[in-house]
1. Could you check, for the range B:311-323, whether at least one of its residues is modelled with pLDDT of 95 or more, touching a strand residue (DSSP E or B) at 6+ places or on another chain (Cβ under 7 Å) and closer than 26 Å to residue B:163 by Cβ?
2. Quick check: is even one residue across the range B:257-267 closer than 15 Å to residue B:370 by Cβ and in contact with a helix residue (DSSP H, G or I) (Cβ under 7 Å, 6 or more places away or on another chain)?
3. Starting from residues that are surrounded by 24 or more Cβ atoms within 10 Å (Cβ to Cβ) and at positive phi, keep the ones in the range B:345-376 and report whichever is modelled with the highest pLDDT.
4. Which one is surrounded by the fewest Cβ atoms within 10 Å (Cβ to Cβ) among residues in the range A:76-88 that are out of contact with any strand residue (DSSP E or B) (no Cβ under 8 Å at 6 or more places or on another chain) and more than 8 Å from chain B (Cβ to nearest Cβ)?
5. Answer yes or no as to whether residue B:112 is within 14 Å of chain A (Cβ to nearest Cβ) and touching a helix residue (DSSP H, G or I) at 6+ places or on another chain (Cβ under 9 Å).
6. Which of the residues that make up the range A:106-134 are within 13 Å of chain B (Cβ to nearest Cβ), free of Cβ contacts under 8 Å to residues at least 60 places away in the same chain and not in a strand (DSSP E or B)?
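The values are calculated or read from the model by the stated rules, or taken from the named source; none is laboratory data. Bear in mind the structure is a predicted one, so any value in this text is a computation, not a measurement. Because the Cβ atoms are built from the backbone with ideal geometry, glycine has one as well, and the counts that use them run over all protein chains shown.
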């Protein structure tokens, strides 16, 4: 995919998520009181409303909950096809990430595949993509 | 307590086309004129305006006209107006107008949805496309992965339905096939659909995002649709047959397309039946949001016309949802057949059928009860419409 990825605007809430890849870590906001996770990130726990929240590194593994193979070049120069997936993260109940599955052919991807995060850096943003665990 | 009821009175629609040159404000005025004429109302009797999603400066083709502009242009003396995207889907503008007349704040409210997405593509200097270089808000969690369109977001729920419940492409195809059959005899859809659709053509069409092919995604269209909502104690001013808003429902609990376990159509569907004594078996026609082909299946299940996981079997073969079937669906052609009118077309067609004004596409019998819906991702709205 040679087309630049649409770039998130960094702020206090999302910075850890989008830059954690520099340390090879996937960060999800976790509550220091109830231990549950909030994603998309917010300065408050959506489960117990505690403000004692902070970005916490998670395992970075998960399973493909569902996916779609996209064939439409939505942006100029976008290389198709590619896989968009909804990944259910290990150890982070209730949190899903929309991502791309990379490093394999599009027709090799299936429901329930085990995946692991891999980061793609572009101008200081570390996009968490996933590859199948063989 | 007719005074506490809300009714749809006038309905109107501008020309429906691709790359129209008439200004979006004037298209809105065209639809207003038709709706006023049908209701037998004058603009002086209008005292409210509601729209979805409000004028969007960053994405003018998507929503080029504000409630303020219409008030200004037509010299409306408004007592209550509203326009915004932070509502549970498109028809929530109509539901909000209904609440307003029930509360006694206005008597006749013009609700409109004007779309100009095809024209905008042709005239980008006037109607610039959405800047996708930088993203924030909810889109930052999907667009960076080139999950640009709601087609990508809803397709994943459709894929899950195939895996979990065995939905086939042939079953999914019935939504588009039914839409095209109905659009073919809708004079307003002539600019949108030129050729009949067959299952063979559907199955060989190019893929957009699995399982959606070209025919499973609606097409950018230019149009304005108007629904006038009137208070029950103002019906003596109206000449057309009023259609009562018998129940309404809407929901959003995660405003994230990828964090919801089920599209909001399920929760909204259950809520709708809690607010009325009518039951699904009483419904004569369904007008279900079909911006993407899977969404009507979620509404069929969410509103209890079929159990969860069996909506695709309900529409199998297409007979049940055909114009002469037991539950005619999207009789004007929906958005897949008649263009992306963005939600308001479903209420417009429900009222048309309940008044027996469908012409060649009028469903048989004496339809008295219809459901019109919009949305189906993380947000959804449903209206139950009755001719008493």
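1. Yes, because at least one residue in the range B:311-323 is modelled with pLDDT of 95 or more, touching a strand residue (DSSP E or B) at 6+ places or on another chain (Cβ under 7 Å) and closer than 26 Å to residue B:163 by Cβ.
2. The answer is no; no qualifying residue exists.
3. B:375
4. A:76
5. Taking the combined requirement at face value, the residue does not satisfy it.
6. A:106, A:107, A:109, A:110, A:111, A:112, A:113
Conditions tested, residue by residue: (1) closer than 18 Å to residue B:243 by Cα; (2) in contact with a helix residue (DSSP H, G or I) (Cβ under 6 Å, 6 or more places away or on another chain).
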{"site": "B:312", "(1), (2)": "no, yes"}
{"site": "B:337", "(1), (2)": "no, yes"}
{"site": "B:340", "(1), (2)": "no, no"}
{"site": "B:357", "(1), (2)": "yes, no"}
{"site": "B:375", "(1), (2)": "no, no"}
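Conditions (1) more than 27 Å from residue B:39 (Cα to Cα); (2) away from chain A (no Cβ under 14 Å); (3) modelled with pLDDT under 95, marked per residue:
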residue: B:102; (1), (2), (3): no, yes, no
residue: B:107; (1), (2), (3): no, yes, no
residue: B:131; (1), (2), (3): yes, no, yes
residue: B:142; (1), (2), (3): yes, no, no
residue: B:145; (1), (2), (3): yes, no, no
residue: B:149; (1), (2), (3): yes, no, no
residue: B:163; (1), (2), (3): yes, no, no
residue: B:185; (1), (2), (3): no, yes, no
residue: B:188; (1), (2), (3): no, yes, no
